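*Asks:* For reference, the structure I am asking about is given below.
The values are calculated or read from the model by the stated rules, or taken from the named source; none is laboratory data. In this text, all values refer to a predicted model and were calculated from it rather than measured experimentally. FYI the Cβ positions are ideal-geometry reconstructions off the backbone, even for glycines, and counts take in every protein chain you see. Ligands, DNA and RNA are stripped out before the accessible areas are found, and what is left, the full protein with its side chains, is counted by its heavy atoms. Shrake-Rupley method; radii C 1.70, N 1.55, O 1.52, S 1.80 Å.
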Amino acid sequence: MERAQGGDIDTQLLEPVLKTGWPWFVTVFIAGLVFLGAIGAFGYQLYWGLGVWGIKRPVFWAFDITNFVFWIGISHAGTLISAILRVTGAEWRRPVTRCAEAITVFALMIGALFPIIHLGKPWLFYWLIPYPNVRGLWPNFRSPLAWDFFAINTYLLGSIIYLYLPLIPDLALLRDKSRGKRRRGVYALLSLGWRGTELQWDRLERAVRVMAVIIIPVAVSVHTIVSWDFAMAIRPMWHSTIFGPYFVAGAIFSGIAALILAMAVIRRVFHLEGYLRPVHFNNLGLLLVTMSLIWFYFTFAEYLTTWYGNQPEEMAVFLSKVTGSYAPLFWTMVAGCFLIPVPILAFKRSIKATVIASVAVVVGMYIERFLIIVPTLSHPRLSYNWSTYSPTWVEVMLTIGPFAYFVILYAVFVKLFPIIAVWEYKEGLRLEGRNLEIGSSAAATAD
Amino acid sequence: MSKTEKNPESIGTRLKTAEEATRAVEELLRQGVPRDCIEVQSSEPIHFSGAAAASHKKSWIWLFGIAGGIVGALAAVLLTVWTSRRVNLVTGGMPIASPWPLGVIVFEMTALGAILFSVVRMIFEARLGRRRSDDDEAALAEGDIVVRRV
Amino acid sequence: MSTNKPQWGMVIDLDRCTGCEACVVACRVENNIPTVGPDQASRGRSINWIRIERYFEGEFPDVKVKFRPVLCQHCEQAPCEPVCPVYATYHTEEGLNAQVYNRCVGTRYCANNCPYTVRFFNFYDPHRDAPLDQALNPEVSTRTRGVMEKCTFCIQRIRKGEEKAKDEGRPVRDGDVVPACVQTCPTHAMYFGNLADPSSEVSRLSKSNRGERLLEDLGTRPRVIYLKKGD
C-alpha cells in the first residue's frame, strides 16, 4: 500500500497526537468501563477475601499467575524488536521500535500488578520491598518471588528508560510544534531542553546502544526468573530444567504476536499504511514462524521426556493434559501455537495472514500458561488430594480487565507521543540514499 | 554552560539538506573557525564525514556503565548477604547466604546500576536538563538544519 | 544435631490406625481450626491439619482399605521454607517447621511446594456459628483470611511442657508433651517425643524395621515415621 501522497512525514506521524477523533474517545470509554468492572471485582475480592475466586486446595494458583506470566511474556516484544534489531543494525525496525517498546512498558506494568492482586493480604505487598523496618525483617532473597521483585522492577525501569531515551528528540519536536502553553510546557520539561546538536545526537545514540546491549540480558533473565517460580518447586512437570529457555522463547513468541496485532490496529486506525508496510509484517511474520518452530521444539522435548520417563506422578499430570480433562485446552493450544500459524506463515506473510496467525498464537500461548500451572497443581503427589478447578466471575473480570487497561494505556500513549519514532524513521530514509530534504518538508513518497 | 548560552547573539543559518549543511561547515572551516566552535542543530542525526567530520570529546558513558554495574553488584552482595545473616533463619536446610540464589539478585542489581549510571552520565554529557537558550525553535520544527558559529 | 534442644518427632503405627478420625476432631478443637460449611467444603476449602487419607485397593470382594493419617511432616529440609518471600515459614532449632501467621502475606507458594499437600489457606475470614465461637482454645491464636496454616505439632503444648520442665529445673521428659491427636487416638497408634533422646519412645520406635517415611525419596527428611508391616 502506498503512503498518502502529498502529505509530509511530520504531519502524518504527529497527527494522532495533535488531533483526536471521536473513535478514540469511544474506544477509551468502552475500555474504561471494562476496566472499572475489573476494579470493582478486585474491590469485591479485597472485601470478602480470596474465597471469591475459584482457587482451592490444592490448586492455589490459577488465573492470577496465568495472567502474570502471560503479561510478562508479552513484554518481551519490545526488547527483541527494538534492542536486538538495533544491535544487529536491521534497518526495517525503524517504524516499529516505539510501538514495541510501548507494549513492553505497559505489559510490564500490568504484569507487575498480579503478584499484588494474588496475595491473601494485598495491602502488605510492600513487605517484599527490602528496606529497614521496625519488624527487623527483610525479604527472603532465597525465594524466587523475591527474585521476581528485583527482576521485574529492573526490567520495568530499564524499559521505561529505553522507551524514553529515543523519545526525547520527538518530545522536542512536539514542544516546538504544539500550540497551547501547557502542552508546550509539559513537552519542554520532558524533552530536557533537547537542542539537537551534534554532541547531543552522539551521546543519545551511544546511550541507546548501551541500553540496547544491557536490556537484552535483563529481558532474558526476567522471564527465566519468572519461570523459576515453577521450576524451583518440586512439583511434577514443573521441576524441569527446560523452563528457563522455554519461557523466554515463549515470551518472545507471544510478544511478537502481540506486536503484530498492535501494529495492525494502529496502522488501520491512524492511517499509517505508508509507514507500517507489508515488509514489516513479512519480517515479523518470519520471526513469528521461527519462534513457533522453536516453541514446538521445546514443547515436544518436554513432553517426550516426561512420557518416556513414565514416572507415575508426572504421568498423572501428562495424561490429564494430553488425553484427560485438560485435553481440549491442550490441543487448542497446540493448534494455536503451531498447527495454525506455521502453515499460514510458511507460505504467506501478508498483513492479514500474520494477523490471523498472531491471534491464534496469543490465544494458544495464554492457554499454555494456564496449562503449565493448573494441571500440575491439580495432581499433587498424594493422589488422595487430586482435584479440579474452575474460575469464578471475579477471576474472569480480573483477566479481561487488564486487556482493557492495556488498550487505555496504549490509546493515551498514542495520543501523547508519536507512535513511530519520527527522527529515527527520517534518518532511515536518508540512509537509504533517497536524497530527501531533511525534515518535515520532505515529501512522503510511495515505496 | 554551552557555548550558545555564553554567546546568545550568535545567529544560525538555516539550511535545508545535509549537503548544504556540509558545505556550510566546510566554508566555516575554511574561514578558520575551529571545528568545535561550529554548532550544528538538526532534527535528526547527521554524521558529517571527511573534512567536516565532527570531533567530539571522548565519551565516558561506557565507563560509567561498567562502574554502575560494579556498584550495583556490590550493593546487591551487601544487601543480600548482610540482611540474610542478620535475619538468620534456616529455610529448607539451605545455607543462610548461598551465592547461587543471591547471585540472581546480584545480576539484576548489576544491570540496574549499569543502566542508571549510563543514563545519568549521558544526560550530563549531552548537557540535557539545563535551561535552554532561545534557539530558533521554528527551524528544527520545520526540519531545517541550523549551522552557527559559537 | 549439634544442639541440646529437643528434636521433636512423631511415630504413627499404621497397623493400629482404624481410620476413626478422632485425631482430626481433636486437632481442630485444640487448634481453633474453623469449619467452612458444606458449600465451601465442596469447593475444596476445608481445613484439616491432620487428615486420614483413605485408599482402596482391589475390586469387590477383595477390597482392601488403607488409612494413613497425614499431617505436616516438619521436614528437616522442608521445600516450603525457602520459597516464602517474607520468612513466614522457617525451621526452628527444635526441628519444627514454624508458620508465623502475622508475617504471612498469602502468596501460597509454600503450599504449592509442599509434596504432602499439608498446608491450608484461609480463603475467607473464619466464621464460627454459635456455640463454637465459645469453644476456642485461648492458647492458640486464630487466623484471619489470607494466611496459611498447618499442623504445628501442637507447639502450644510443646511450649507448656518445656516451661513446666524449666520451672521444675529438669530437662523435658518423655511424656511431658502430648499433642492433641496423640492424646486422643483410641488405639494408641500415635507417639510423640524427642528423637534426640535415645530413651524416648519415638526414638526407639523410629528405629523399628517396620518404619518408613512418606515420600522419603524426595529428600525432605520428614520427622514423621510410619510403622507398617501388616497389610
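*Asks:* Would you mind stating whether A:Phe35 is among the aromatic types (Phe, Trp, Tyr), open to solvent by less than 20 Å² (accessible area, probe 1.4 Å) and either more than 14 Å from every other protein chain (Cβ to nearest Cβ) or within 20 Å of the chain's Cα centre (by Cα) (or both)?
*Replies:* Judged against the criteria, A:Phe35 is not a match.
*Asks:* Something else about it: Quick one: would you say B:Arg127 is closer than 30 Å to A:Val422 by Cβ and either surrounded by fewer than 22 Cβ atoms within 10 Å (Cβ to Cβ) or more than 14 Å from chain C (Cβ to nearest Cβ) (or both)?
*Replies:* Yes, satisfied.
*Asks:* Confirm whether C:Ala130 is hydrophobic (A, V, I, L, M, F, W, C), more than 8 Å from every other protein chain (Cβ to nearest Cβ), open to solvent by 30 Å² or more (accessible area, probe 1.4 Å) and assigned to a helix (DSSP H, G or I).
*Replies:* The answer is no for C:Ala130.
*Asks:* Where residues in segment C:138-158 are crowded, with 20+ Cβ neighbours inside 10 Å and basic (Lys, Arg), which of them is nearest to C:Cys84 (Cα to Cα)?
*Replies:* C:Lys150
*Asks:* Would a scan of segment A:129-146 turn up a residue that is more than 7 Å from every other protein chain (Cβ to nearest Cβ), open to solvent by less than 30 Å² (accessible area, probe 1.4 Å) and not in a loop (DSSP other than H, G, I, E, B)?
*Replies:* No, the conditions are met nowhere in segment A:129-146.
*Asks:* Can you confirm whether segment C:4-16 contains a residue that is within 14 Å of another protein chain (Cβ to nearest Cβ) and hydrophobic (A, V, I, L, M, F, W, C)?
*Replies:* Looking for residues that are within 14 Å of another protein chain (Cβ to nearest Cβ) and hydrophobic (A, V, I, L, M, F, W, C), one finds none in segment C:4-16, hence no.
*Asks:* Does any residue of segment A:251-272 turn out to be surrounded by fewer than 21 Cβ atoms within 10 Å (Cβ to Cβ), part of a loop (DSSP other than H, G, I, E, B) and of a type in the set (Lys, Arg)?
*Replies:* No, segment A:251-272 has no match at all.
*Asks:* Among the listed residues A:Ala151, A:Ala100, A:Ala112, A:Ala90, identify the single one that is surrounded by 24 or more Cβ atoms within 10 Å (Cβ to Cβ) and away from chain C (no Cβ under 14 Å).
*Replies:* A:Ala100
*Asks:* Also, I was wondering about something else. If you scan segment A:39-64, which residues turn out to be of a type in the set (A, V, I, L, M) and either within 8 Å of another protein chain (Cβ to nearest Cβ) or open to solvent by 10 Å² or more (accessible area, probe 1.4 Å) (or both)?
*Replies:* Result: A:Ile39, A:Leu46, A:Leu50, A:Val52, A:Ile55, A:Val59.
*Asks:* Ok, one more. Regarding C:Gly161, is this residue farther than 29 Å from A:Gly51 by Cα, of a type in the set (Gly, Ala, Ser), at pLDDT 95 or above and surrounded by 19 or more Cβ atoms within 10 Å (Cβ to Cβ)?
*Replies:* no
*Asks:* Okay, moving on. Filter segment A:144-197 down to residues that are among the acidic types (Asp, Glu) and in contact (Cβ under 8 Å) with a residue 12 or more places away in the chain, then give me how many there are.
*Replies:* Counting residues in segment A:144-197 that are among the acidic types (Asp, Glu) and in contact (Cβ under 8 Å) with a residue 12 or more places away in the chain gives 2.
*Asks:* Give the number of residues within segment C:82-91 that are facing another protein chain (nearest Cβ under 7 Å), within 16 Å of the chain's Cα centre (by Cα) and crowded, with 24+ Cβ neighbours inside 10 Å.
*Replies:* 0
*Asks:* Looking only at segment A:115-128, filter to residues that are in contact with a helix residue (DSSP H, G or I) (Cβ under 7 Å, 6 or more places away or on another chain) and open to solvent by less than 40 Å² (accessible area, probe 1.4 Å); which one of those is nearest to the other protein chains (Cβ to nearest Cβ)?
*Replies:* A:Gly120
*Asks:* Is one or more of the residues making up segment A:159-177 of a type in the set (Phe, Trp, Tyr), at the interface with chain B (Cβ under 10 Å from one of its Cβ atoms) and part of a loop (DSSP other than H, G, I, E, B)?
*Replies:* no
*Asks:* Look at C:Phe120 and say whether it is within 8 Å of chain A (Cβ to nearest Cβ), modelled with pLDDT of 95 or more and open to solvent by less than 10 Å² (accessible area, probe 1.4 Å).
*Replies:* Answer is yes for this residue.
*Asks:* Can you spot a residue in segment A:219-228 that is open to solvent by 60 Å² or more (accessible area, probe 1.4 Å) and among the β-branched types (Val, Ile, Thr)?
*Replies:* yes
Condition check ((1) open to solvent by 20 Å² or more (accessible area, probe 1.4 Å); (2) closer than 16 Å to A:Val265 by Cβ; (3) free of Cβ contacts under 8 Å to residues at least 60 places away in the same chain) across all residues:
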| residue | (1), (2), (3) |
| --- | --- |
| A:Leu371 | no, no, yes |
| A:Pro380 | no, no, no |
| A:Tyr384 | yes, no, yes |
| A:Thr388 | yes, no, no |
| A:Trp393 | yes, no, no |
| A:Ile400 | yes, no, no |
| A:Val407 | yes, yes, no |
| A:Val412 | yes, yes, no |
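Residues checked against (1) in contact (Cβ under 8 Å) with a residue 60 or more places away in the chain; (2) within 30 Å of A:Gly136 (Cβ to Cβ):
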residue	(1), (2)
C:Gln40	yes, no
C:Arg51	no, no
C:Lys66	no, no
C:Glu81	no, yes
C:Asn97	no, yes
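*Asks:* Which of the residues belonging to segment B:77-96 are open to solvent by 30 Å² or more (accessible area, probe 1.4 Å) and either among the β-branched types (Val, Ile, Thr) or more than 10 Å from chain C (Cβ to nearest Cβ) (or both)?
*Replies:* Once the filter is applied, which keeps residues that are open to solvent by 30 Å² or more (accessible area, probe 1.4 Å) and either among the β-branched types (Val, Ile, Thr) or more than 10 Å from chain C (Cβ to nearest Cβ) (or both), segment B:77-96 yields B:Val77, B:Leu78, B:Leu79, B:Val81, B:Trp82, B:Arg85, B:Arg86, B:Val90, B:Pro95, B:Ile96.
*Asks:* Across segment C:204-231, what is the number of residues that are farther than 25 Å from C:Pro115 by Cα and open to solvent by less than 20 Å² (accessible area, probe 1.4 Å)?
*Replies:* Residues meeting the conditions: 0.
*Asks:* Given the structure, is A:Ile214 part of a helix (DSSP H, G or I) and either surrounded by 21 or more Cβ atoms within 10 Å (Cβ to Cβ) or among the hydroxyl-bearing types (Ser, Thr, Tyr) (or both)?
*Replies:* yes
*Asks:* Quick one: which helices (runs of 4 or more DSSP H) sit completely within segment B:17-108 and have at least 1 residues that are without any contact (Cβ under 8 Å) to a residue 12 or more places away in the chain and charged (D, E, K, R)?
*Replies:* By residue number, B:18-30, B:83-87.
*Asks:* Within segment A:183-202, identify whether any single residue is open to solvent by less than 30 Å² (accessible area, probe 1.4 Å), over 30 Å from B:Ser55 (Cβ atoms) and either part of a helix (DSSP H, G or I) or in contact with a Gly (Cβ under 7 Å, 6 or more places away or on another chain) (or both), and answer yes or no.
*Replies:* Yes, segment A:183-202 contains a residue that is open to solvent by less than 30 Å² (accessible area, probe 1.4 Å), over 30 Å from B:Ser55 (Cβ atoms) and either part of a helix (DSSP H, G or I) or in contact with a Gly (Cβ under 7 Å, 6 or more places away or on another chain) (or both).
*Asks:* Quick one: would you say A:Leu13 is within 27 Å of A:Gly180 (Cα to Cα) and in contact with a helix residue (DSSP H, G or I) (Cβ under 9 Å, 6 or more places away or on another chain)?
*Replies:* Yes; evaluated as a whole, the condition is true for this residue.
*Asks:* Can you name every residue in segment C:1-14 that is more than 17 Å from C:Ile158 (Cβ to Cβ) and open to solvent by less than 70 Å² (accessible area, probe 1.4 Å)?
*Replies:* C:Ile12, C:Asp13, C:Leu14, listed by residue number.
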